[in-house]
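A.B. asks: Just dropping this structure here.
The values are calculated or read from the model by the stated rules, or taken from the named source; none is laboratory data. Bear in mind the structure is a predicted one, so any value in this text is a computation, not a measurement. In this analysis, Cβ positions are derived from the backbone assuming ideal geometry, glycine residues included, and neighbour counts consider all displayed protein chains. In case anyone asks, the SASA skips ligands and DNA or RNA and just uses the protein heavy atoms, side chains included. Shrake-Rupley method; radii C 1.70, N 1.55, O 1.52, S 1.80 Å.
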Amino acid sequence: MSARPNMSGARPKKSVRRVVSMREDRFDVGSLPKDLQRVYYKLDEEFGEDYALKVVFVIRTGVELHRAWHMTLLTSKILQQVKDKFGLRMTWELGVIKLKFRMEDGKYELHRKVPYDYDSEYQDIYMKIAVALVEERITVQQALMFSFDTKHGKHTAKSGLFLRDFPGRLVLYPLEAATCTVIFFGGDWYDAGVAAVCGLAAGLVEYALSTIGGDAKVLIDVLVGTMTGAIGGLFYRYGGQKTCLPAIFLGTLYWFFYGTAFVIGILEIGTGELETGVIRFMAVAVKTFILTMGAGYGLMLTNDQSLDAWLDQRGNCNQINLDDQWWRIPLYLLCSASALGQYRFPIVHYWRGLAVQLVGYEIQYQFSLWAASRHTDDFLDVASANTIAAMASVVFAVGLSNGIDKLSYHYNARLLHRSDYNGENTAFGDFMFNMSAGYVRVSNWVGLGRKSDLTFLQMEPKIREQTMELNDENHPRKEINLNPDEEKILIEAVISAENLNVWALLMPTVYQLVPGSLIARLWFNAIFPPPLIKGDEDLDIGGVLYSYTTYKPDTVAESVFQILMVVATSLALGLLLGLGLVQVIQFVWRTIFCSCQMCDERGVTSQSELNRKAARNGILDAIEEEDDPVDISVDDDDEEKDPLNEEKDPSVGNPVLDKYKEVEDIVDVDGEPQNETHKEMKEDTP
């Protein structure tokens, strides 16, 4: 056990994390994949354990953040901050699925294959871990151990663990299918019931194939689509042909449509990541086509006239006018809650996600109604409604997250006994602390909160007593002592006190606004061609009136791709404009109204820390000429800070490392290497 340096004399006040005697727990390197272990040992031999562990942390954080949100621009920014902070000599290439990490100018290279697995909770936690490490609030050992425990569910509430994986997630599929069928796709309550059955069947198919694993997971999309088409077709055939099949199919497959990826692809293209954006856009379009083909197969198996069944919409669809229904917003919130569950959003914080989703939806809905009568012959009403809704969602999400950070500041500052906290004996500070403490107690009482949050709150009297003794120069106490479990809870509290990840709030809202169903309509129109529009017209020729019948293409039904591009691009532009507006507002506020110390609730005096905080949420930085992140240049003033500038004896070294360059080509699907090859390259290979 090692204690922090003791204070003598007046003993200036320090926060708890700096005076607690922490046990020297060490991250188990043996838990890493074999290829990463080899890289770690080589870097440890050359540059020391601390440097090697920080490289490991960058790789693990990059993989988990990419898995959780698939936002390459944001993940790269966070990794770049860690790299810049500690002078790491590494670069990375974040693709749609495949990630490449290069260390020591390409001397070592690791490849990973990371599938989609949207996860708002992990988005927030892994970013907070990286921020706490960059701001030197935790050590790299603590960061790696905490991220390992996070991966194994030790920092997730029991309520969240239930919905995090199957079989608990099965409750989400019928709920989302039923509510989406009515609120988005023109179905009625009968259709909602059929969609619920289809949703449960789709969830069971995904559960079964995921449990089998391996190549069976490739069949999820086509079998989910086939099961949906077959069940919907049976209800249509034997239920009196009163089923709105398009609403049921689109509502059930809503979660499988990868709609968010369309907007992300447009964002990447618009910000200069052309290759990743185009590949992402094409990949999700093909995967959506697989889902629709499966639904077509299922309908064909259960109906002799599948085309007639699909086109039989006039008397079955759009029977409810949502404008006249009082339950429109409650139903949308229920649908949004199911989406938050799919995104693994912490249940205790659902109100945050629902608030942002409601703002985006209602602005989009009301503006569409207002603009529809003014733009009957174009799609500018759709485009403008989406852009304004996306902008409002971004601004509201940033404002909400900043507000929550400000409100929780007093709670965190008191529990962590921060040295710069000035609200200890104020009525406002007491009120904010008691409100936050009550929220923690109530959320645990109803079974939704994390037990560790309540435990840390209950530790407050013990920590306060020891802190007062430590700050008393006449008291013999020299350190704060906690047991091992309490130390882990303290580290969790330090990490949780970091600012909220805005994109963890925003991504479920983007998912609810995106056009995944539009590309599905395009593919369904390819499978089931829309009929020609029949019209009767009269023509006067020489005083004789002739009647004739015309057949014209349904331009609205056949313009789905154009609508898709309008919606996806307008949403992406809305996000960009919203982020730009937030930056302008923050710049004006900080420039006119406050200094760095006044603007930052922690009293941070370094402008660079404020810049890092602002940069983590933005994606507007221009793309530099070099694709890979630029290595840190070493100046004379910085030479002492660079751990790699120490002179080494040229006679000391590993002859294998001097002669060969190792490239590890690892395909990692679920966190473990699935196959690996080892190649030896010549030393001069670039």
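A.B. asks: Could you state the orientation-averaged shadow area of the convex hull built on the Cα atoms of region 135-175, in nm² to one decimal? Walk me through the numbers before you get to the answer.
C.D. replies: On the way: hull surface 15.9 nm².
Here the figure is 4.0 nm², rounded to one decimal.
A.B. asks: Which pairs break 24 Å Cα to Cα here: 54/478; 113/488; 54/217; 83/406; 34/85; 83/113?
C.D. replies: 54/478; 113/488; 54/217; 83/406; 34/85
A.B. asks: Let me ask something else. Excluding ligands and nucleic acids, what accessible area in Å² is computed for residue 156 using a 1.4 Å probe, to the nearest 10?
C.D. replies: Near enough 10 Å² of accessible area.
A.B. asks: Report, in cubic angstrom per residue, the convex hull volume of the C-alpha atoms of region 459-509.
C.D. replies: Expressed per residue, the convex hull around the Cα atoms of region 459-509 is 101 Å³.
A.B. asks: Please report, to two decimal places, log10 I(q)/I(0) for region 68-130 at q = 0.16 Å⁻¹ as given by the Debye formula with identical point scatterers on the Cα atoms and no solvent.
C.D. replies: -0.57
A.B. asks: A further question follows. In a Debye calculation with equal point scatterers on the alpha-carbon sites of region 146-242 and no solvent, what is log10 I(q)/I(0) at q = 0.22, 0.25 Å⁻¹?
C.D. replies: Once normalised to I(0) and log-transformed, intensities are -1.10, -1.21.
A.B. asks: Quick check: pseudo-label points 7 Å beyond the Cα along Cα→Cβ at residue 211 and residue 539, how many nm apart are they?
C.D. replies: Result: 6.6 nm between the two label points.
A.B. asks: How big is Rg to Rh over region 353-469, alpha-carbon atoms, Rh as the Kirkwood inverse-mean-distance radius? Can you show the working numbers first?
C.D. replies: Working: Rg = 21.8 Å, Rh = 17.6 Å.
On the Cα set of region 353-469, Rg over Rh gives 1.24.
A.B. asks: Another question, if that's okay. Compute the normalised compactness of region 395-547: alpha-carbon radius of gyration over 2.2 N^0.38 Å, N being the residue count. Show your work: numbers first, answer last.
C.D. replies: Numbers: Rg = 30.8 Å, N = 153, 2.2 N^0.38 = 14.9 Å.
So the Cα radius of gyration is 2.07 times the expected 2.2 N^0.38 Å.
A.B. asks: In terms of solvent-accessible area of protein heavy atoms at a 1.4 angstrom probe, what is the ranking of 329, 59, highest value first?
C.D. replies: Working: 329 55, 59 5 Å².
So the residues, ranked largest to smallest area, are 329, 59.
A.B. asks: Give me the number: length gained by fully extending residue 241 to residue 329, i.e. 0.36 nm times residue separation minus the C-alpha to C-alpha distance, one decimal in nm.
C.D. replies: Extra length from residue 241 to residue 329 when fully extended: 28.7 nm.
A.B. asks: Highest first, please rank the peptides 109-118, 568-577 by the mean number of other Cβ atoms sitting within 10 Å of their residues.
C.D. replies: 568-577, 109-118
A.B. asks: Take region 399-453, compute every pairwise Cα distance, and split them into 5 Å bins from 0; I just need the percent in each bin.
C.D. replies: 4, 20, 24, 24, 19, 8, 2
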